[in-house]
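Notes follow the structure.
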Amino acid sequence: KAKVFRDDIETKVFSRSFDVHKAIGCPVTLQSEPLEKYRFGAPDSFTDGLRGEISFNGGPWTGFYGTPMIVTIEMDGQTTYSSVTASALIEKGQHILNPISLKVQLSEDGETFTTVAEDTYPTETAADKDGMKEYSVSFDETTAKFIKVEVGCREYLPDWLGGAPHKGFIFIDEVLVK
């Protein structure tokens, strides 16, 4: 929390919470590129512990347009973990849709990866509530040094939102490893 006192002026309290997880500060490499105007600190922002607000127009949300988010997180090779969560923003009126899949692959050398968990999600309907949502997969506990995370995106908008050839976004702020 922070508050400024100066020249008899007192500001509102500014507070920010951190979501502590096992990949905080770990190096992240992008295998797919976000839309440049929605990059906001990626790839480092995916493991900084800072969560986004409801607005996508500022950090730490990173937007991918019609393409999946694919990142590799380099762990220390000693820390145990057994789940990965992608934190996403859904704002259908802005063509920001929910992820359609989450896949986690592990590697000791960063070259050869094995899929350990994967899940798919139906595209939300117009009636589904917008907001921040988490998508998670679990797997057997491991200390693998490299985690490749792929968050799938619909290539085109559903018909009720304009359909092809219009692409949809996914917006991700944090990849949590627990």
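The values are calculated or read from the model by the stated rules, or taken from the named source; none is laboratory data. Predicted, not measured: the structure shown is a model, and the values here were computed from it. Glycine also receives a Cβ, built like all others from the backbone with ideal geometry; neighbour counts cover every protein chain displayed. Each accessible area value is taken on the protein alone, full model and side chains, heavy atoms only, with ligands, DNA and RNA left out. Shrake-Rupley method; radii C 1.70, N 1.55, O 1.52, S 1.80 Å.
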Checklist entry - Would it be correct to say that LYS129 is in contact (Cβ under 8 Å) with a residue 40 or more places away in the chain, out of contact with any Ser or Thr (no Cβ under 8 Å at 6 or more places or on another chain) and farther than 16 Å from SER32 by Cα? => result no
Item to check | segment 8-40 - residue that is basic (Lys, Arg) and not in a helix (DSSP H, G or I) and, of those, modelled with the lowest pLDDT | outcome: ARG16
Checklist entry - Counting just the residues of segment 102-131 that are hydroxyl-bearing (Ser, Thr, Tyr) and in contact with a Phe, Trp or Tyr (Cβ under 7 Å, 6 or more places away or on another chain), which one comes out surrounded by the fewest Cβ atoms within 10 Å (Cβ to Cβ)? => result TYR121
Item to check | So ILE90, is it open to solvent by 20 Å² or more (accessible area, probe 1.4 Å), more than 19 Å from THR142 (Cβ to Cβ) and touching a Lys or Arg at 6+ places or on another chain (Cβ under 9 Å) | outcome: no
Item to check | Sole exception among (1) assigned to a loop (DSSP other than H, G, I, E, B); (2) open to solvent by less than 20 Å² (accessible area, probe 1.4 Å); (3) within 18 Å of ARG154 (Cα to Cα); (4) not β-branched (Val, Ile, Thr) for GLY52, by number | outcome: (3)
Next on the checklist: Can you find a residue that is in contact with a His (Cβ under 7 Å, 6 or more places away or on another chain), of a type in the set (Ser, Thr, Tyr) and at negative phi anywhere in segment 129-144?
Outcome noted: no
Item to check | Condition check for ALA117: more than 18 Å from ALA42 (Cβ to Cβ), in contact with a helix residue (DSSP H, G or I) (Cβ under 6 Å, 6 or more places away or on another chain) and not polar (S, T, N, Q) | outcome: no
Checklist entry - What residue, among those in segment 132-157 that are open to solvent by 10 Å² or more (accessible area, probe 1.4 Å) and at pLDDT below 95, is nearest to the chain's Cα centre (by Cα)? => result MET132
